[in-house]
Amino acid sequence: MVLIPAAMFFSILINSARYCIGVAESFSIPDLTGAGRLELCASLLEGGLTPSLGLLQVVKQYIKIPIFVMVRPRGGDFLYSDQEVEVMKKDIELMKSQEVDGFVLGALTEDGRVDAELCMELLAAARPLPVTFHRAFDMVHDSAVALETLISLGFERVLTSGCDISALEGLPVIKRLIDQAKDRIIVMPGGGITERNLQRILEGSGAQEFHCSARSSRDSAMKFRNTSVTMGASFSAPEYGLKVADVSKVRSLNAIAKNTL
C-alpha cells in the first residue's frame, strides 16, 4: 500500500460520467480503481493552493491517470496583484514542463466579475491543456453572466456550490446553471457533498460530475506534544490531528454514483 501526502481530488469514470472526490493527507493507491482524473493541490484548509513540484513529481511516480494542477498562489480572495500573476504564469510554465494534463484556476475583478483579461492570459499560458474554473465562481456578483463569460473564454468546466454555503443549499442555482450551460461547459457541483446528500444533489441538478471531500480525522502518531505552541493561526487545523482519506466513504460515494448516474 502506497500513501501519497497532501491534498488531491480524484475524478472517477462511471458509465461515462465523472465525479471528483477531494482527499486530504493521504490516499491508498490500490483504492483508486476506476479513477479517471486527479486534481492536485496543497493546503485544503485554505481552499487549495498550488502544489510543489516535489509533490507533483512524487505523485506522478505512483499515479498514471491524468493530473490537473491547482494554480492559486495564496489563500483569500481572487483579486491578484501583478506580482501574483507573474507567479501564476511561472507555475503554469513549470507544471507544463512536468507534463501535467490540465489546470484548475480562477480570477475575479474587484467588483465580483470574472477577470476575463487575466483569465485569457492564463488560458493562453496553459494552452493547449484543458482548464477548470474553480470556486472563485461562488464569489461572483452574477452567476449567470459569469457562466457566459467562462464559456466565451473557453473553460472546460466550472466548480460551484451554487454560490451558497454548500451544494445542497445551492442546488436550485446549480440546476439553473446546468440548464443554462446546455453542454457548452461542464458544471460540477462541489461543497459539502456527502454520502447523505449526494443522490439528492445528482438527481436534483442533473450533474454528471461532482466534487467532494471523503475525509475523516486521524490522531497524530506523535508521543511528545507541546500543546502550548501552534504552527498556524488559531483557526487552523489542530497540530496533532490529521485529515486522511476515508476509503469506506469513497466506496460508498462510488456506489451511490453508480446507482444514480
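Data for the structure
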| quantity | calculated |
| --- | --- |
| Test for Glu121: is it surrounded by 13 or more Cβ atoms within 10 Å (Cβ to Cβ) and of a type in the set (Asp, Glu) | yes |
| Pairs with Cβ under 6 Å, 6+ apart, first in the range 187-200 and touching a residue at least 60 places away in the same chain (Cβ under 8 Å), second of a type in the set (Asp, Glu) and crowded, with 17+ Cβ neighbours inside 10 Å | Met188/Glu209 |
| Of residues in the range 176-219 being among the basic types (Lys, Arg) and out of contact with any strand residue (DSSP E or B) (no Cβ under 9 Å at 6 or more places or on another chain), the one surrounded by the most Cβ atoms within 10 Å (Cβ to Cβ) | Arg176 |
| Selection status of Lys223, at pLDDT 85 or above, on the phi > 0 side of the Ramachandran plot and surrounded by fewer than 14 Cβ atoms within 10 Å (Cβ to Cβ) | no |
| Considering residues of the range 124-142 that are under 19 Å from Ile174 (Cα atoms) and in contact with a helix residue (DSSP H, G or I) (Cβ under 7 Å, 6 or more places away or on another chain) only, the residue surrounded by the most Cβ atoms within 10 Å (Cβ to Cβ) | Phe133 |
| In the range 54-98, the residues that are modelled with pLDDT of 95 or more, more than 27 Å from Val140 (Cα to Cα) and within 19 Å of the chain's Cα centre (by Cα) | Met95, Lys96 |
| Flag for Gly75 being small (Gly, Ala, Ser), more than 30 Å from Gly206 (Cα to Cα), in contact (Cβ under 8 Å) with a residue 24 or more places away in the chain and part of a loop (DSSP other than H, G, I, E, B) | yes |
| Residue check for Ser166: surrounded by fewer than 16 Cβ atoms within 10 Å (Cβ to Cβ), over 28 Å from Ser152 (Cβ atoms) and small (Gly, Ala, Ser) | no |
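The values are calculated or read from the model by the stated rules, or taken from the named source; none is laboratory data. Quick caveat: nothing in here was measured; it's all calculated off a predicted structure. Don't worry about glycine lacking a Cβ; one is built from the backbone with ideal geometry, like all the others, and counts go over all protein chains shown.
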